[in-house]
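None of the figures in this text is laboratory data; all of them are computed from the coordinates on show. Everything numeric in this text was worked out from a predicted model, so none of it was measured. Positions of Cβ are backbone-derived with ideal geometry, glycine not excepted, and every protein chain shown enters the neighbour counts.
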Amino acid sequence: MVVNSYPQALTIAGSDSDGSAGMQADLHTFFARQVYGASVITACVAGNSYGIHASVPMPTDFIDQEFADLAADYHIRAAKTGMLADSELINDVVKNYQKADFGPLVVDPVIMTKHGNQLLEESAFETLRTALLPLATVLTPNFYESEKIAEMTITSADDMVKAAHKMQQMGAKNIIAKGSHANTDQTEVRDFVLLESGEAFWLSEPYHQTDRVNGTGDSLSACITAELAKGTPMKRAIEIAKQFVNTAIGSPIEVGHKFGPVNHWAAQNRDY
C-alpha cells in the first residue's frame with residue numbers, strides 16, 4: 001500500500017448545522033466524487049431551512065492548529081475556501097495556505113447571495129479581493145459577486161466577458177463567472193469560463209424552478225476541487241462541476257420545510 005495515495009481534498013469553511021451548505025455541502029460533494037475530504041473549520045453556524053440564527057467564528061490559533069495537523073499527516077492535493085467571516089480570518093487562512101502544500105486553491109468568494117444581498121462587510125471584502133483572490137487557481141463568483149469584484153454593472157454577455165477578464169487581471173488564474181438566476185422565466189443558466197491559457201467558453205445547463213438550491217455554489221466549487229485533486233484537467237473539471245450541480249438541483253429531495261438542499265446523491269454515480 002502506498003501511503004497517502006488516495007486523492008484528498010480540503011475545505012476551509014464554516015460548519016452549517018443543517019448540512020445543506022458550507023463545509024457539509026463540500027464534504028457531501030467530495031464523497032460523491034470519490035475523493036477523501038478533510039476540513040479546516042472557520043466558524044460554526046446554527047440554522048435550518050428557514051435561515052441562519054447564530055454563528056461563532058473559530059479562534060485563529062485553533063485554525064492554525066488545524067492547518068498544521070493536516071499538513072503534518074495528509075497529502076492534500078487541492079483545497080477550497082468558503083465563507084470567511086472577517087479580515088482577520090481571511091489573513092490567517094492566507095498565511096496558513098501559503099505555508100502549506102495543499103495544491104491548487106479554489107476560491108468561492110461568498111460575498112453576496114445569489115439574490116444580491118451582501119454577506120461580508122466592506123473591510124473584509126477588500127481583504128478578500130487583495131489578499132485571497134490573487135492566490136486563486138480558480139475563482140467561482142456568482143452574478144452579483146462578479147459585479148462587486150469587477151466593480152461594474154453586468155447587463156449583457158459582453159459585460160460578463162469583460163468582468164471575467166478584470167477578475168483575472170486581479171490575479172485569479174481561472175474564472176467561472178456564474179450567470180444570473182433572477183429571471184424566473186429563463187430556461188437555461190449560462191456561465192462564462194475564462195481559463196489561464198486564454199481559452200474562453202460558455203457553459204449552459206437547463207434552469208430548474210425549485211427552492212431546493214441551498215449549497216449550490218459550495219457544491220460547484222467543491223466539485224472542481226475534487227476533480228483537481230484527482231488530476232482532472234482544469235477545463236474538464238469545470239465542465240464536470242457544472243453538470244454535477246445541475247443534476248443535483250434537477251433531482252430535489254424533501255429535507256426541511258422551506259429552502260432545501262441540492263441532491264448530491266442524484267449526481268453521485270453519473271459518468272460525466
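Helix-only mean residue ellipticity at 222 nm, the chain, DSSP H runs n ≥ 4 weighted -39,500 (n - 2.57), per residue, nearest 500. What is it?
-11500 deg cm²/dmol
Out of the GluC sites (Glu not before Pro) in the range 174-220, which ones are loop residues according to DSSP with at most 15 other C-beta atoms within 10 Å?
Listed in order of number, the matching sites are GLU196, GLU199.
Report the per residue volume, in Å³, of the convex hull enclosing the C-alpha atoms of the range 116-160.
84 Å³
SER204: net charge of surrounding residues, Cβ under 14 Å, Lys/Arg +1, Asp/Glu -1, itself excluded?
-1
Pull up the cross-link candidates among the lysines for LYS148, meaning alpha carbon to alpha carbon under 24 Å and not fewer than 8 places away within one chain.
Correct list for LYS148: LYS80, LYS114, LYS162, LYS166, LYS173, LYS178, LYS242.
Kirkwood hydrodynamic radius of the range 1-146 from all distinct Cα pairs, in Å? If you can, show how the numbers build up before the last one.
Values: mean 1/r = 0.0640 Å⁻¹.
For the range 1-146, inverting the mean 1/r across all distinct Cα pairs yields 15.6 Å.
Please give the net charge around THR11, taking every other residue with its beta carbon less than 10 angstrom from that of THR11, where Lys and Arg add +1 and Asp and Glu add -1. Kindly include the intermediate steps, with their values, before the conclusion.
Details: positive: LYS80; negative: ASP26, ASP108, ASP218.
Here the charged neighbours net out to -2.
I need the phi-derived Karplus couplings for the range 147-158: 6.51 cos²θ - 1.76 cosθ + 1.60, θ = phi - 60°, integer Hz, Gly and Pro marked x.
Taking θ as phi minus 60°, the curve returns 4, 5, 5, 7, 6, 7, 8, 10, 10, 8, 4, 4 Hz for the range 147-158.
On alpha carbon coordinates alone, what is the Rg over Rh value for the chain, Rh being the Kirkwood radius?
0.93
Mind checking which of ASP92, ASP185, ASP16 has the largest fluctuation in a GNM of the chain, springs on alpha carbons under 10 Å?
Maximum fluctuation in the GNM of the chain, among the listed residues, is at ASP185.
Go ahead and set up a Gaussian network model of the chain, Cα springs under 10 Å, then flag whichever of HIS53, HIS208, HIS28 fluctuates most.
HIS53
Going highest first, how would you order 143-154, 247-258 by mean Cβ packing within 10 Å?
Going by the mean number of other Cβ atoms within 10 Å, highest first, we get 143-154, 247-258.
Of the candidates GLY82, GLY19, GLY47, which one comes out as most mobile in a Gaussian network treatment of the chain with C-alpha springs shorter than 10 Å?
Answer for the Gaussian network model of the chain: GLY47.
For the range 8-268, what relative contact order do you get, as a whole percent, if you take Cα pairs closer than 8 Å and at least 6 residues apart?
Normalised by residue count, the contact order of the range 8-268 is 20 percent.
Tell me, what ³J(HN,Hα) does each residue in the range 208-215 have, in order and in whole Hz, if you take phi through Karplus 6.51 cos²θ - 1.76 cosθ + 1.60 with θ = phi - 60° and put x for Gly and Pro?
Values per residue, Gly and Pro as x: 10, 7, 7, 9, 8, 10, 4, x Hz.
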